[in-house]
1. Using only the alpha carbons of the range 1-58, determine the length spanned along each of the three principal axes and report them from longest to shortest in whole angstroms.
2. Please sort by residue number the GluC sites (Glu not before Pro) in the range 1-102 whose DSSP state is loop and whose Cβ has at most 15 other Cβ atoms within 10 Å.
3. What pairs from 103/149; 84/176; 149/192; 35/118; 138/239; 118/205 go past 25 Å between their alpha carbons?
4. For each of 29, 242, 237, count neighbouring Cβ atoms within 10 Å of the residue's Cβ, then give the residues from fewest to most.
5. If the only charges are +1 at each Lys and Arg Cβ and -1 at each Asp and Glu Cβ, what is the size of the charge dipole of the chain around the Cα centre, to the nearest 20 debye?
6. Which Cα, out of 224, 213, 194, lies furthest along the positive dipole direction of the range 178-225 (beta carbon charges, K/R +1, D/E -1)?
7. With charges set only on the Cβ (+1 for Lys and Arg, -1 for Asp and Glu), what does the dipole of the range 83-174 come to about its Cα centre, in debye to the nearest 20?
8. Put +1 on the Cβ of every Lys and Arg and -1 on every Asp and Glu Cβ in the range 95-223; which of 178, 100, 156 then has its Cα farthest towards the positive end of the dipole?
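Only the coordinates and a few stated rules stand behind these numbers; no lab work does. If you're wondering where the values come from, they're calculated on a predicted model, not measured in any experiment. Here the Cβ positions follow ideal geometry from the backbone for every residue, glycine too, while neighbour counts run over all protein chains shown.
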Amino acid sequence: MSRNYYMAGNWKMHMTRTEAAQLAQDLVSQLRDGKHKYLVAPSFTLLETVSAMIEGTNIQLGAQNCAAEEQGAHTGEVSVLQLKDLGVHTIILGHSERRHVYKEDDALINKKVKLALKHGFEVILCIGELLEEREAGKVEEVCEAQTVKGLEGVSVADLGSVVIAYEPVWAIGTGKTATPQDAEAVHAFVRKVIARLYGDDAASKIVIQYGGSVKADNAAQLMAMENIDGALVGGASLKADSFIPIAKFA
Ligand code: PGA
């Protein structure tokens, strides 16, 4: 199988520039010999600082969101053009906090996905069900709809710049991880959805990360699953001591 593991840290709304620079420096030195693909996604205000620290290393720079419009009168928003200017490589879109706290719907997320791809970014499209949706037996329905709607109008060529992150909402920041078997079942299902939309070749190549309380002591079991190709890590990505063992899982 040709997919490389992709280990990403979503720093969410944490850290000042000094703290971010220190963490980035620690990651650069400790991941230098790392064998996987790496990404950190700090707040917008930290991008320039972190960009300078990781430039030319094996760690890529990610943003946690972008505006749905290229530029203009959009107070408080950040444009893809501004992110490009800061050296951002990847944009995380459709994170559950954006969907459920800030009420972003699939149409808005899809608009952002297409805009980011048009400007040459890699996109990490997050999907995942709420606890009540899992309990109602709707995991596949929800994940399929978020995948199909999130990727509407995305060409097979552009799909090469898309990563999917399956993050069951009930597992985010709660300490409850999906079991490797439960996560694998959803990853395999999402890969089938991609195969139906884009063909078997595209489906076999797309990287599907798992996210939701990934820690050093569960990363290896999750990554051992056939269809789990990496992790999107929140809480445990905020300290080098907790992120490095995940990023270098054995
Ligand atoms: P967590 O967050 O690792 O703190 O559960 C994951 C995420 O929201 O991407």
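1. Principal extents (Cα only, largest first): 39, 21, 15 Å.
2. On the way: sites: 19, 48, 55, 69, 70, 77, 97; in loops: 55, 69, 70, 77.
Answer in residue order: 55, 69, 70, 77.
3. Working: 103/149 16 Å; 84/176 35 Å; 149/192 15 Å; 35/118 29 Å; 138/239 35 Å; 118/205 20 Å.
As for pairs spanning more than 25 Å Cα to Cα, those are 84/176; 35/118; 138/239.
4. Numbers: 29 11, 242 17, 237 27.
Ranked by crowding around the Cβ, least crowded first: 29, 242, 237.
5. On the way: 25 positive and 32 negative charges, 70 e Å.
The calculated dipole for the chain is roughly 340 debye.
6. Looking along the dipole axis, the top candidate is 194.
7. On the way: 11 positive and 16 negative charges, 92 e Å.
Roughly 440 debye, rounded to the nearest 20.
8. Value computed over the given set: 156.
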